[in-house]
Amino acid sequence: MNEEVTRKIERKPTFPTTGGFSDQDRLLALLPLRPYQVIADVGPGPEYLSLALAKYLYDGQLYVVGIRKGTLEIARQTLKPFRFTNVEFLQGRGSAIPLPAKSLDGAIFASPSILTRNTKAVLTSVKALLGRGGWMAIGEWDKNGATLRSSVASRPLRDELREEAERVGFRLLTTRRLNDQQYLMIFGI
């Protein structure tokens, strides 16, 4: 892969933005992530988070799990030029993720709009996949932040997501601001 393409990809924001910018290195630094872990990027998109995770997990495994049609293909095209050997692409079916129970160290929802349809079922499915000491991270737009697109307005509020995760059996470990428009919540089991 040529250097120009690599530079363009590395400058892309982690989350789609409307004036804000989420640095991938900052996000990775906030996660309880280790290079040897087995992680699922659930609901990937064009944000390039899967790329940053695949690079970081050089001694681990990344499962890129598509829940919506088309998202998995976008992630596959983003990662294809790099020929990672530690990345697998899986298509979820509804809230079910095709992995064995307790097979993950962590799960990341960088675009939890997929949670708006059946939040409880998706979170329950993820919890069953996490092993001892497992964690889940949700990065999302803050509805109280600056100018928001209409698609953001229909997403669940931060407190709603936290309460639903706690009802399923997660416990909130920390909440961090990524910028003036986005936040990150990290949960443990």
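Go through region 156-188 and report how many residues are acidic (Asp, Glu), at pLDDT below 95 and closer than 21 Å to residue 132 by Cα.
Residues that pass the stated criteria total 1.
Against the conditions (1) touching a strand residue (DSSP E or B) at 6+ places or on another chain (Cβ under 6 Å); (2) surrounded by 13 or more Cβ atoms within 10 Å (Cβ to Cβ), where does residue 98 fall short? Just the number, please.
(2)
Checking residue 90 against (1) under 16 Å from residue 128 (Cβ atoms); (2) of a type outside the set (Lys, Arg); (3) more than 17 Å from the chain's Cα centre (by Cα): exactly one of these is not met. Which one?
Condition (3) is where residue 90 drops out.
Select, from 85, 124, 147, the only residue that is at pLDDT 90 or above, β-branched (Val, Ile, Thr) and exposed (fewer than 14 other Cβ atoms within 10 Å of the Cβ).
The unique qualifying residue is 85.
Which of the residues spanning region 20-62 are surrounded by fewer than 18 Cβ atoms within 10 Å (Cβ to Cβ), modelled with pLDDT of 85 or more and more than 21 Å from residue 173 (Cβ to Cβ)?
55, 58, 59
The values are calculated or read from the model by the stated rules, or taken from the named source; none is laboratory data. Given the structure is predicted, the values throughout are model-derived calculations rather than measurements. Virtual Cβ from ideal backbone geometry, glycine too; neighbours counted across all protein chains shown.
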